Amino acid sequence: MNKKALVPAIVAIVAVALAGCSPKPFVLKTVMGTVEPYFHGAGIDGTQLDKVGKNVYTFRWNWYRNLVIDTPEGLVIIDPMNPQMAASLKKELDRTLPGKKVHTLIYSHYHLDHSRGGAALAPTNIIAHEKSPGYWKNINHDGVLEPTRYISGDAVLNIGGVEIRALYLGMSHTDTLYAFHLPAERLVFTADLGLVKTMAPDGVPDRYAPGYLAAMDRIIAIDFDTFVPSHFGYGVKRDLVEWRNMMEDGRRLAREAINTAGSLGVNDDQMGKYFDAVYYPMREKYGQWHGFNEMFILNIVRDLVGEGLGY
Ligand SMILES: [Zn+2]
């Protein structure tokens with residue numbers, strides 16, 4: 001918990017304790033509210049289109065970010081995200097690249113928070129991994145434009161003479177996940193895999209940790225400069241390497257804590273021991289990263305459960 005959040009939390013706890021009523025919902029709500037600064041603040045709220053290569057742009061809409069590739073045949077957009085973001089991007093594109101049509105929309109993976117809202121971009125072609133419909137059919141996926149083409153495994157897309165390498169990442173963050181490498185731009189775009197000096201949100205939901213590590217290592221083995229992740233800021237390859245190391249530090253410390261204090265629920269006071277074993281070394285290395293305080297509890301719980309169960 002950061003200082004800003006700690007003070008109101010303590011005041012609230014004391015006030016409730018003095019009032020003599022049940023503090024539980026109030027305290028829990030306060031604790032939950034401490035996550036809020038992870039998702040909002042200066043440099044996070046609002047929208048911005050940045051040029052990140054000769055013919056590549058990235059558009060940020062609050063904490064989401066996608067990729068726009070300008071080719072002689074039209075635009076290629078990776079991830080519409082949601083109707084509001086797609087509409088906002090369309091407006092920006094009409095201003096910055098007037099007259100350019102969207103040739104191809106690509107879904108990085110099936111998750112609804114990346115695949116909704118494509119209609120606003122009026123794409124001619126839509127590409128997704130072939131397993132995506134298997135997930136969509138069981139959930140309400142209103143607002144997801146149906147793909148016109150499915151791919152599986154690695155694929156090299158040549159659109160308007162621009163080579164876009166779609167790298168299939170296997171069972172990592174769903175088994176429908178692609179990263180995108182633009183060799184001519186020396187740029188990589190990843191969805192929900194890697195951030196720039198920012199802690200993971202909620203332990204990265206829907207993550208199979210061994211496959212996720214393999215996916216990070218596969219991308220790190222590529223020779224590239226510019227790293228554009230699908231959330232928060234963009235940076236350079238080194239940022240992805242540091243993020244991989246942070247994720248693995250969290251996993252390793254959780255594993256060591258379980259080895260020392262025993263599996264979940266076996267001994268007394270395990271949670272306190274887990275906390276001490278993971279918090280202090282992580283704070284030493286990553287305490288200055290965005291969201292360290294806000295996401296610590298959610299991330300340690302994810303690592304402990306994942307290490308305990310094997311995912
Ligand atoms: Zn996702």
I'd like the full set of residues that are of a type in the set (Ser, Thr, Tyr) and either surrounded by fewer than 18 Cβ atoms within 10 Å (Cβ to Cβ) or assigned to a loop (DSSP other than H, G, I, E, B) (or both), limited to region 68-89. THR71
Out of the residues in region 94-140 that are aliphatic (A, V, I, L, M) and within 20 Å of ALA179 (Cβ to Cβ), state the one that is surrounded by the most Cβ atoms within 10 Å (Cβ to Cβ). ILE106
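When you look at GLY53, is it among the small types (Gly, Ala, Ser), more than 16 Å from the ligand (Cβ to nearest atom) and either out of contact with any Leu (no Cβ under 7 Å at 6 or more places or on another chain) or within 18 Å of ASP192 (Cβ to Cβ) (or both), yes or no?
no
Checking the conditions here, which among PRO72, PRO83 is under 19 Å from the mean Cα position of the chain (by Cα), at pLDDT 95 or above and away from the ligand (no atom under 16 Å from the Cβ)?
Answer to the selection: PRO83.
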Apart from one, (1) at pLDDT 90 or above; (2) among the hydrophobic types (A, V, I, L, M, F, W, C); (3) farther than 30 Å from ALA191 by Cα all hold for LEU18; the odd one out is (1)
Is there any pair linking a residue in region 210-236 that is in the same structural domain as ARG60 (by TED's automatic domain parsing) and over 26 Å from TYR38 (Cα atoms) to one that is surrounded by fewer than 22 Cβ atoms within 10 Å (Cβ to Cβ) and among the basic types (Lys, Arg), with Cβ under 6 Å and at least six apart or on different chains, and which? PHE224/ARG186; PHE224/LYS237; ASP225/ARG186
Number of positions in region 168-190 that are within 16 Å of the ligand (Cβ to nearest atom) and closer than 12 Å to ILE219 by Cα: 7
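Exposed (fewer than 13 other Cβ atoms within 10 Å of the Cβ), within 18 Å of ASP206 (Cα to Cα) and not assigned by TED's automatic domain parsing to the domain that holds ASP223, is that true of LEU298?
When the stated conditions are applied, LEU298 does not pass them.
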Those residues of region 234-266 which are part of a loop (DSSP other than H, G, I, E, B) and surrounded by fewer than 18 Cβ atoms within 10 Å (Cβ to Cβ) amount to GLY262, SER263, LEU264, GLY265, VAL266
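Conditions (1) among the polar types (S, T, N, Q); (2) in a strand (DSSP E or B); (3) modelled with pLDDT of 95 or more, marked per residue:
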residue: ALA42; (1), (2), (3): no, no, no
residue: GLY53; (1), (2), (3): no, no, yes
residue: TYR57; (1), (2), (3): no, yes, yes
residue: ASN66; (1), (2), (3): yes, yes, yes
Any residue at all in region 32-39 that's of a type in the set (Val, Ile, Thr), touching a helix residue (DSSP H, G or I) at 6+ places or on another chain (Cβ under 7 Å) and outside any helix (DSSP H, G or I)? yes
Sole miss for GLU92 among (1) of a type outside the set (Phe, Trp, Tyr); (2) in a helix (DSSP H, G or I); (3) more than 24 Å from GLY194 (Cα to Cα); (4) within 14 Å of the ligand (Cβ to nearest atom) is condition (4)
Please determine whether any residue of region 226-233 is in contact with a Leu (Cβ under 8 Å, 6 or more places away or on another chain), assigned to a loop (DSSP other than H, G, I, E, B), crowded, with 23+ Cβ neighbours inside 10 Å and at positive phi. no
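The values are calculated or read from the model by the stated rules, or taken from the named source; none is laboratory data. Because the structure is a prediction, the values reported are computed rather than measured. Positions of Cβ are backbone-derived with ideal geometry, glycine not excepted, and every protein chain shown enters the neighbour counts.
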